[in-house]
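A short worksheet on the structure shown next.
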Amino acid sequence: MSDHGALPSRAQVVIIGGGIVGASVAYHLAELGWTDVVVLEQGQLSCGTTWHAAGLVGQLRGTESMTRLIQYSTDLYARLEAETGFGTGWKRCGSVSVARTEERMTQLRRTAAQARNYGVTAEIISAREAGELWPVMRVDDVVGGVWLPGDGKANPSDLTQALVRGAQRRGVRVFERVRVTGVSVGNGVATGVLTDQGEIEAAHVVNCAGQWAKEIGRMAGVTVPLHSAEHFYVVTERIEGVRPDLPVLRDPDGYAYFKEEVGGLVVGGFEPQAKPWGMDGIPYPFEFRLLEEDWDQFSIIMENAIHRVPALETTGVRMFYNGPESFTPDNMFLLGEAPEVRGFYVAAGFNSAGIASAGGAGRALAEWIVNGAPATDLWPADLRRFARWADNDTWLRDRVSETLGLHYAMSWPNRELETARPLRRSPVHHLLAAAGACFGSKMGWERVNYFGTAAPYTFGRPEWQPQVDAEVAACRNQAALFDQTSFAKFTLKGPDAAAVLRWLCTAEVDVEVGRVVYTGLLNDRGGYEADLTVTRVAHDEYLIVTGSAQATRDFDHLAKGIGNNRAVLVDVTSAYAVFSVMGPKSRKILQSVSKADFGVFPFGTSRLVDLGYATVRATRVTYVGELGWELYVPAEFAVTIYETLLGTGITQAGYYAVEAMRIEKGYRAWGRELGPEVTPAAAGLGFTCRKSGGYRGEEHALEPAGRHVVSIVLDDPEAHLWGGESLLHEGAPVGYVTSAAHSPTLGVAVALGFVTGPAIEKAQVDIAGGLYSAQISRKAPYDPTSSRVKA
Ligand SMILES: Cc1cc2nc3c(=O)[nH]c(=O)nc-3n(C[C@H](O)[C@H](O)[C@H](O)COP(=O)(O)OP(=O)(O)OC[C@H]3O[C@@H](n4cnc5c(N)ncnc54)[C@H](O)[C@@H]3O)c2cc1C
């Protein structure tokens, strides 16, 4: 497969890594007409991780965009053999997942409902039906299962060869035994690679180096947060009754999966505590290599496998595979252009789903490279969900010991990762802990979920609900104090700052000093790249505040928007704590510790005020629908100010209360209701688009939309929503829930979600197979305080 002859000195694109992912990126670049592409592989094609993958291709993922990405993989793998003449081993054998507990069954029912929403066929089946589909399994302890007929399996090395052949036919050149030793970067732009056989100039460099991708990233100064862990399966001798058309079987409660191979079984799995590997880097060469057998580590999978398939007790093992694979801090892969270096792209960290994901991920990245922007919403996999802090080997090692097991762990709502914490802490963390905070984590930050003891996870009403209800009531009736230090904060300064933001923002930001503006930032298709607040703090300076999780992404978007203008963007997140005082009594409380006049302080304004002994920036906005102020406090004053505020006797509250209140009030959140494929018209946020125009994405921002963000209020006060549930109208799926909470104010579950097609007033929500009636509206269910908020 390798091209012969000397390496070219120049190419439009250089892809580092000839595993299935590099092959797929090359294939799709060529398909889009970019054929001046060179793939460099240090060993032979697929010799890294790809060759020893088990080859399972499961379609269902947590989000619509990721599910569609893998659906595309299955379509591609089904046609690749006919197109290239290379066998791929693709077989659409379907898959069965079984549940050992009622809770797992609830999860499967929720999953099946979501699957139908995303156009994936999924059928809930009984234990008996599962046994019919998979006769060699024991089902006496099985509660039920789900059948996904579109899932399949393939031969990973053959798939790689077929993709490479498809790419080569269109002109892509592939060089084996060429090792990349450096990445050339000039003025923040990738300009090529250095190899052990010379240099290649390139306009685009693509890092598809699998578990080596972190090191390749470091050559360019780019954070690629992944770490290897050992990953296992065994191949057994033949077993009576194991036929070639046997579906893939998953028994997540037993951490195990099963796949037919030559009349025997591939038995693998995802143990809850993984074994990180490669702490001192990956040895070189490491070609078609496996690690030593570790039956101790594998025993939890094997014991459960024997329980499920008793024939395994007496069946011999032909081969034990222990291959390292790279895992990421959140079990999702890493895709996109690096925020640190223009023209340097990453597709790596596939968390043992690289065969399933390669087709879709390769196409998505190729589109990103060719168009300069992703064609769909790829946020769950976007490299920019991390930042430089994630490039720490010790942190990564500890975290991936947990993430490998997430594949088969219960997907509890609001599940928090437990390892490698705490990492980033607010200056007042000790005060929050002393007050009994139950912390969650976001973007590495410890944040208060609520004040109270940790409660068991559930799909029903959680034990912490009364505490969160009390925090909401305190805020709605009196006032509450929230630590929101994890907000990302940037300053944009320079003579052209206003001009830059006027182009990027939908709302008018060329406002008086001291004004605060809530605005969208759109892409060329009119979809939301961000929504944030912009405060003009000086004629030539703005303070920009956005959600914790979007810190890197929004910074990158803003930085790209500066172009040649005279403005400088600086991340000042670590410089300020943020304390929000929200509620009808907030004015009185703040007035009691300040000489500034909180009586004359209009909504949407911001100014420096004295507070206790310090001077802070007070900004009158709200994300909870109550009168209130966000206080931006230089970090060294944070403890002093927080203690001053606590001295007023104010109630402390956490993010679950914020979430409940913003949903009651219909406020949208980026990553849930807002995203790159949602326009202001679809979001019901047309009012944030200035009439005078002149902003990016303007042509499409207000075009009539096919689907809309709606508020949802359940009728049954006992039912609990978490998000992800399907919406049905007259029996047909019309949308799904994006965010949900119990509303203590209304006494029922409230939610936000999408509805496709004409406006409706009623729908049914599918909660794990049960149908519950709900009121649908494009207006927020809670608005009695609007006059108070604006007062
Ligand atoms: C035991 C096991 C079972 C698995 N089962 C499944 C499964 O059933 N389904 C599924 O979807 N996934 C599965 N996976 C995961 C899957 O194998 C990987 O996610 C996938 O192969 C990753 O592909 P890749 O192209 O990113 O990495 P790789 O295949 O590792 O390719 C990266 C390539 O980059 C090359 N390279 C690195 N550094 C350099 C350099 N400096 N210069 C040039 N070349 C370089 C390497 O030699 C390597 O060939 C499994 C993994 C393991 C370990």
Original post:
Put a dot 7 Å past each Cα toward the Cβ at H430 and F687; how far apart are the dots in nm?
Top reply: 4.5 nm
Subject >> Angle in degrees between helix 20-31 and the longest Cα principal axis of the chain, rounded to the nearest 10 >> reply: 80 degrees
Original post:
Given 25 °C and 0.890 mPa s, how large is the Stokes-Einstein diffusion coefficient of the chain in µm²/s, with Rh as the Kirkwood radius over Cα pairs?
Top reply: 89 µm²/s
**OP:** Just check the range 637-791 against the gyration tensor rule for me: Cα atoms, a ≥ b ≥ c as the square roots of the eigenvalues, rounded for a/c under 1.5, and otherwise prolate or oblate depending on whether a/b exceeds b/c.
**Re:** oblate
Original post:
Which of rounded, prolate, oblate describes the range 577-624, given a ≥ b ≥ c as roots of the alpha-carbon gyration tensor eigenvalues and a/c under 1.5 marking rounded, otherwise prolate only if a/b is larger than b/c?
Top reply: rounded
Original post:
When the Cα centres of the range 476-533 and the range 1-58 are compared, how far apart do they sit, in Å?
Top reply: 41 Å
Subject >> For M319, residues with placed amide H under 5 Å, excluding near neighbours >> reply: V235
Original post:
Counting only the backbone N, which residues of the range 586-600 are under 15 Å from the spot 7 Å out from the Cα of E512 toward its beta-carbon?
Top reply: 600
**OP:** Classify the range 1-114 as rounded, prolate or oblate, taking a ≥ b ≥ c as the square roots of the eigenvalues of its Cα gyration tensor: rounded when a/c is under 1.5, otherwise prolate if a/b is larger than b/c and oblate if not.
**Re:** prolate
Subject >> Cβ-Cβ FRET estimate between M410 and A454, R0 fixed at 22 Å, reported to 0.05 >> reply: 0.90
Subject >> Angle in degrees between helix 655-664 and the longest Cα principal axis of the chain, rounded to the nearest 10 >> reply: 80 degrees
Subject >> Per-residue [θ]222 nm for the chain (sum of -39500 (n - 2.57) over DSSP H runs n ≥ 4, rounded to 500) >> reply: -7500 deg cm²/dmol
Original post:
What is the sum of charges around R318, taking Lys and Arg as +1, Asp and Glu as -1, for the other residues whose C-beta is under 15 Å from the C-beta of R318?
Top reply: -2
Subject >> Solvent-accessible ranking of Y284, Y613, largest area first, probe 1.4 Å >> reply: Y613, Y284
Original post:
Calculated FRET efficiency, R169 and A732, Cβ-Cβ r, R0 45 Å, to nearest 0.05?
Top reply: 0.55
Original post:
At E237 and T615, where each label point lies 7 Å from the Cα along Cα→Cβ, what is the point-to-point distance in nanometres?
Top reply: 8.3 nm
Original post:
Over the range 246-366, what is the relative contact order in whole percent, taking alpha-carbon pairs under 8 Å and six or more residues apart?
Top reply: 17 percent
**OP:** Mind giving me the FRET efficiency for Q197 and D783? R0 is 60 Å, r the Cβ-Cβ distance, nearest 0.05 is fine.
**Re:** 0.35
Subject >> By average C-beta atoms within 10 angstrom, highest first, the peptides 207-219, 125-137 >> reply: 207-219, 125-137
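The values are calculated or read from the model by the stated rules, or taken from the named source; none is laboratory data. Since the structure is predicted, the reported quantities are computational estimates derived from the model, not experimental observations. All Cβ positions, even for glycine, are placed from backbone atoms using ideal geometry, and neighbour counts span all protein chains on display. Quick note on the areas: whole protein, heavy atoms, side chains included, nothing else; ligands and nucleic acids left out. Shrake-Rupley method; radii C 1.70, N 1.55, O 1.52, S 1.80 Å.
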